[in-house]
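The values are calculated or read from the model by the stated rules, or taken from the named source; none is laboratory data. None of these values were measured; they are calculated from a predicted model. Here the Cβ is made from the backbone with ideal geometry for all residues, glycine too, and neighbour counts use every protein chain on show.
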Ligand SMILES: [Zn+2]
């Protein structure tokens, strides 16, 4: 951990806190002049000037002459060297874009909502514009973006390169995302399912470092899984392994958007959780449910506990098949912690064979909802030529 060692309240700790304020401001706002940094952080111009001098000699920022309001000025931006990686994580409702010099060294990030059932073209156009905006804010150009990792919340067929589902992400059916995006961005692109990328993020940079066999469950609006076998992401014959959301829990259950009945997602997807609560709680967002559950609302806690129980039934099937060391829970709903992991574990113990659960750990992801973005940056780094390799976690990606 690279946290400050300075004693709280000391001059050194104040300086460290101010340094972080400047770095955070540059991460959020992009390149700024010293006057702008002072205005944004509330620090005095003299303090900013000293901090920027220190950051520059430490190689943490880059200074570039520019013109602001018709006058000469020096723009300060986070140091990126000459290799910039990008991550684009499409969700059911939004797209998140990040740029960084490595998977854990994000220098800029932005999120934009996407309309439900948007067309792929619209999603890709918005993501490309968001990326361009971030790159410009960092004082760079698109030429500096050397590789891009992209996550799609649907199976991606590795043979055809197309989003491989008829009904999971309707506006994207049959679209060859890597090809399209490589054309728009003019850089090599790697596309994978977001659950796989999140699993990769935790494997290289998070809680799964050094683990050989694991199941990563991403639970937010939908539910997906990333399988790690022998220390690698397991994608299956066509790359669509891990579609846990459409595993049958009850053959006579509700009809799912995929056309089958009683899929896991019809029990733990946000639509069903919010529907169940709408009678007693009125319209809520997933975020509301999470906050209320953490604050002790019995109805929200009950619905999430039931989701954990159903999830456990499906995960038990996977555990019986692949015998993992660890089950990791990530995605937005994992923020409720034991409210969901305790019933999940109980259900696992009831439904999976004892020899598979005896030493099985159920843990929360370390990278929270960032795991897919980090994984996308890991896979972007893997696209770089060897002499531009970026060190990822404890080992370089080959
Ligand atoms: Zn389904």
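Which of the residues spanning the range 279-290 are loosely packed, with under 15 Cβ neighbours inside 10 Å and within 20 Å of residue 339 (Cβ to Cβ)?
280, 285, 287
Does residue 321 count as more than 23 Å from the chain's Cα centre (by Cα), away from the ligand (no atom under 15 Å from the Cβ) and either more than 21 Å from residue 347 (Cβ to Cβ) or assigned by TED's automatic domain parsing to the domain that holds residue 170 (or both)?
no
Can you tell me how many residues in the range 225-239 are assigned to a loop (DSSP other than H, G, I, E, B) and either near the ligand (Cβ under 8 Å from one of its atoms) or touching a helix residue (DSSP H, G or I) at 6+ places or on another chain (Cβ under 9 Å) (or both)?
3
Give me the residue from the range 57-84 that is outside any strand (DSSP E or B) and surrounded by 13 or more Cβ atoms within 10 Å (Cβ to Cβ) and, out of that set, farthest from the chain's Cα centre (by Cα).
Of everything passing the filter in the range 57-84, 60 is farthest from the chain's Cα centre (by Cα).
Can you name the residue in the range 240-251 that is within 10 Å of the ligand (Cβ to nearest atom) and assigned to a helix (DSSP H, G or I) and, of all such residues, is surrounded by the most Cβ atoms within 10 Å (Cβ to Cβ)?
Ranking the qualifying residues of the range 240-251, first place goes to 245.
Regarding the range 101-119, can at least one residue be identified that is in contact (Cβ under 8 Å) with a residue 40 or more places away in the chain and part of a helix (DSSP H, G or I)?
Checked against the condition, which is being in contact (Cβ under 8 Å) with a residue 40 or more places away in the chain and part of a helix (DSSP H, G or I), the range 101-119 yields no hits at all.
Look at residue 259 and say whether it is within 12 Å of the ligand (Cβ to nearest atom), surrounded by fewer than 16 Cβ atoms within 10 Å (Cβ to Cβ) and at pLDDT below 90.
Spelling it out, residue 259 is indeed within 12 Å of the ligand (Cβ to nearest atom), surrounded by fewer than 16 Cβ atoms within 10 Å (Cβ to Cβ) and at pLDDT below 90.
For the range 263-341, give me every one of the helices (runs of 4 or more DSSP H) that falls completely inside it and has 2 or more residues that are under 18 Å from residue 357 (Cα atoms) and in contact with a helix residue (DSSP H, G or I) (Cβ under 9 Å, 6 or more places away or on another chain).
So the answer is 298-322.
Considering only residues that are touching a residue at least 12 places away in the same chain (Cβ under 8 Å) and closer than 17 Å to residue 108 by Cβ, which ones fall in the range 11-27?
Residues satisfying the conditions are 21, 22, 23, 25, 26, 27.
Checking the condition in the same structural domain as residue 354 (by TED's automatic domain parsing), within 16 Å of the ligand (Cβ to nearest atom) and within 21 Å of residue 155 (Cβ to Cβ), which residue from 268, 315 passes?
That would be 268, the only listed residue that is in the same structural domain as residue 354 (by TED's automatic domain parsing), within 16 Å of the ligand (Cβ to nearest atom) and within 21 Å of residue 155 (Cβ to Cβ).
Which condition from (1) within 16 Å of the ligand (Cβ to nearest atom); (2) in contact with a helix residue (DSSP H, G or I) (Cβ under 6 Å, 6 or more places away or on another chain); (3) within 20 Å of residue 117 (Cα to Cα); (4) at pLDDT 90 or above is the one that residue 254 breaks?
(3)
For the range 159-214: of the residues being touching a helix residue (DSSP H, G or I) at 6+ places or on another chain (Cβ under 6 Å), within 21 Å of residue 237 (Cβ to Cβ) and at pLDDT 95 or above, which is nearest to the ligand (Cβ to nearest atom)?
The qualifying residue nearest to the ligand (Cβ to nearest atom) is 197.
Against the condition surrounded by 15 or more Cβ atoms within 10 Å (Cβ to Cβ) and more than 24 Å from residue 226 (Cα to Cα), how does residue 293 come out, does it pass?
yes
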